[in-house]
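The values are calculated or read from the model by the stated rules, or taken from the named source; none is laboratory data. The model shown is predicted, which means the values in this text are computed figures rather than measured ones. Note that each Cβ is placed from the backbone with ideal geometry, even for glycine, and that neighbours are counted across all protein chains shown.
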Amino acid sequence: MSTVDAAPSAGVAPALQAFGIRRRLGGRDVLDGVDLAVAPGELVTLVGPSGCGKSTLLRVLAGLEPADAGSVALSGRDVTTVPAEQRRVGLVFQDNALFGHLRVARNVAFGLHHLPRAERGARTEAMLDVVKLGHLARRYPHQLSGGEQQRVALARALAPQPSVVLLDEPFGALDEVLREEIGWEVKSILARSGTAAVLVTHDRHEALSLGDRVAVMDHGRILQCAPPRTVYEHPSSRFVADFLAVSSYVPSASGGSTMLRPHQMRVSPGGPWTVRRVEFLGASHRYTVQSADGTTAVADLGPDEPLSVGDACDVSPVAPGVASP
């Protein structure tokens, strides 16, 4: 199984680096020794169950909350005790926090007061072009769609040219189709700008599809941080395996068990297993089957398979699994 890899590729100086971050709230350790490094231009998605410490970690990285122990560095500079407003970190939240009384252009320019007026205007225009909203510069936030508001919030976060952007559930208020579209737009914009980013999400599909690396958290710790394919196919623990996707554990010849994803399983008529549930997924059916000893397995099969709830069946792998973590 994969070990936790909390660092970017070798030889790349991290834009963001956190060591041993601890944060205690309400008598418990919300963050329990978190290490994380993000390379320039890299997007790390941070995913885990509610209350695992994702948003608290983001707030500590931003300087909105202090760390009780550990350190935070931006481009090699220790900013552990530096106030949030002096860290030059871009922030994007679910509610986008746009100023309703300011037009779009003035929202984007809000953090550019240190620049001469002409340069401020040019930077604002450039950022709106990056997010493809230059034609809406004179509108107010309430005149925009949810996706447009989030793109304005991203433009505002990028306008001061931060080395790191932190995004906390930025697409949570959008419908499924729009959040996928905006998610890919944001990923593309961040990559083009060369900005490192950490995106907190509770959506496992979003974490796997958008992240250059995926960091899985639970109980204040990062359990695994690795490329999406690695955490999906070679999870470091059963928790990581089961949290990211449906997993089945079937007996192996060695006497242990093998972890298989639904697409790696085959269910055929007749045998010691019983079909307990059938779900129509469009291009496939998802079968949940159970053995006499209570073991369950899940398989995705074509939509024309003839099995029904209660049918006797057998299961077999159609692709190699991995030893159960």
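Contact map, the range 121-150: first residue closer than 18 Å to GLY90 by Cβ and assigned by TED's automatic domain parsing to the domain that holds GLY194, second residue crowded, with 18+ Cβ neighbours inside 10 Å and among the aromatic types (Phe, Trp, Tyr), Cβ cut-off under 8 Å, separation 6 or more or different chains; pairs are GLN150/PHE171.
Considering only the range 293-323, state which residues are among the small types (Gly, Ala, Ser), surrounded by 11 or more Cβ atoms within 10 Å (Cβ to Cβ) and touching a helix residue (DSSP H, G or I) at 6+ places or on another chain (Cβ under 7 Å). If the condition is that a residue be among the small types (Gly, Ala, Ser), surrounded by 11 or more Cβ atoms within 10 Å (Cβ to Cβ) and touching a helix residue (DSSP H, G or I) at 6+ places or on another chain (Cβ under 7 Å), then ALA299, GLY321 are the ones that fit. Among residues of the range 13-54 being free of Cβ contacts under 8 Å to residues at least 40 places away in the same chain and aliphatic (A, V, I, L, M), the one that is nearest to VAL186 (Cα to Cα) is ALA37. Scanning the range 228-244 for residues that are crowded, with 16+ Cβ neighbours inside 10 Å and either of a type in the set (A, V, I, L, M) or without any contact (Cβ under 8 Å) to a residue 24 or more places away in the chain (or both) yields PRO228, VAL231, PHE239, VAL240, ALA241, LEU244.
With respect to being under 28 Å from the mean Cα position of the chain (by Cα) and under 20 Å from LEU58 (Cβ atoms), VAL131 falls outside the description. Against the condition under 24 Å from GLY183 (Cα atoms), within 17 Å of the chain's Cα centre (by Cα) and surrounded by 20 or more Cβ atoms within 10 Å (Cβ to Cβ), how does VAL89 come out, does it pass? Criteria not met by VAL89. Would a scan of the range 159-182 turn up a residue that is buried (at least 23 other Cβ atoms within 10 Å of the Cβ), touching a residue at least 24 places away in the same chain (Cβ under 8 Å), of a type outside the set (S, T, N, Q) and in a helix (DSSP H, G or I)? No, every residue in the range 159-182 fails to be buried (at least 23 other Cβ atoms within 10 Å of the Cβ), touching a residue at least 24 places away in the same chain (Cβ under 8 Å), of a type outside the set (S, T, N, Q) and in a helix (DSSP H, G or I). Just one of the numbered conditions (1) in the same structural domain as ALA297 (by TED's automatic domain parsing); (2) at pLDDT 95 or above; (3) under 27 Å from HIS202 (Cα atoms); (4) of a type outside the set (A, V, I, L, M, F, W, C) is not true of PRO262: (2).
Does the range 202-211 contain at least one residue that is surrounded by fewer than 17 Cβ atoms within 10 Å (Cβ to Cβ), closer than 19 Å to ASP95 by Cα and of a type in the set (D, E, K, R)? Among the residues of the range 202-211, not one is surrounded by fewer than 17 Cβ atoms within 10 Å (Cβ to Cβ), closer than 19 Å to ASP95 by Cα and of a type in the set (D, E, K, R), which makes the answer no.
For PHE110, the test of being assigned to a helix (DSSP H, G or I), free of Cβ contacts under 8 Å to residues at least 60 places away in the same chain and assigned by TED's automatic domain parsing to the domain that holds LEU190 is passed.
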